[in-house]
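Structure first, then comments.
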Amino acid sequence: MNPTTDIEAWSNTSATKRLAEKWAAAQADTTVWLQFCAFMVAVYGKSRVADVTNPHGINRCRQLIIDVSRDAGKADKLVISWSILAPYYEVYRSTADLVTEGGEPRLINRSISYDISPDWGPDTAEEVKALYDYNYLTPFAGSIIIPDIALTYADFGEVTLAKALFTEQII
């Protein structure tokens, strides 16, 4: 079944209903998430932290984007994905060069790295675990393949634990 072509059938699956229930529970109790956001604002400053969570999207997580840019010609962001399915979060750094073409700004040379920014702090993962009962999903653990599921953009044998916890629709 393809969720992009058979939306009604996909909406009636037990997996989709469970995901909707998880989002409803996450929306009903935002206490821990809001505390975590406040914690990140305390670390980075309000103007640098943006909650980009979209509960109506297809992701299975809440997300913060933190601007850690130090150079006007670079977009440098930390992305924190907070799973609604399990008590895990991941952090990655997204960088790109900012250029202007025809008067319009554009990002080029995009890259993603799972190296945690130095301003994240060495004890932050332990603080998050202690305060919010959430665990950091290490890049190694996140890269473990789950062979018996597929996503709308990844076939069987290509889906990682991180993709299953934080992105896309499992089919």
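Coordinate-derived values only; no laboratory data. Predicted model only: the values in this text are computed from it and were never measured. We place every Cβ from the backbone using ideal geometry, glycine too, and count neighbours over all the protein chains shown.
Net length available on complete extension from V52 to N12 is 11.7 nm, with 0.36 nm assigned per residue and the Cα-Cα distance removed.
Every helix of 4 or more DSSP H residues in the chain counts as -39500 (n - 2.57), and over all residues that averages to -8500 deg cm²/dmol at 222 nm. What you get for the chain, charging only the Cβ of Lys and Arg (+1) and of Asp and Glu (-1), is a dipole of about 220 debye around the Cα centre.
Once the Cβ-Cβ distance of D71 and T31 is raised to the sixth power relative to R0 = 25 Å, the FRET efficiency obtained is 0.10. Where (1) 31; (2) 16; (3) 25 are the candidate values, the label of the one calculated here for percent of Cα pairs over 30 Å apart is (3). Full extension of the chain segment joining I149 with A42 gains 34.7 nm, where the gain is 0.36 nm per residue of separation less the Cα-Cα distance. Each label point was placed 7 Å from the Cα along the Cα-to-Cβ direction; for N135 and L98 their separation is 3.9 nm.
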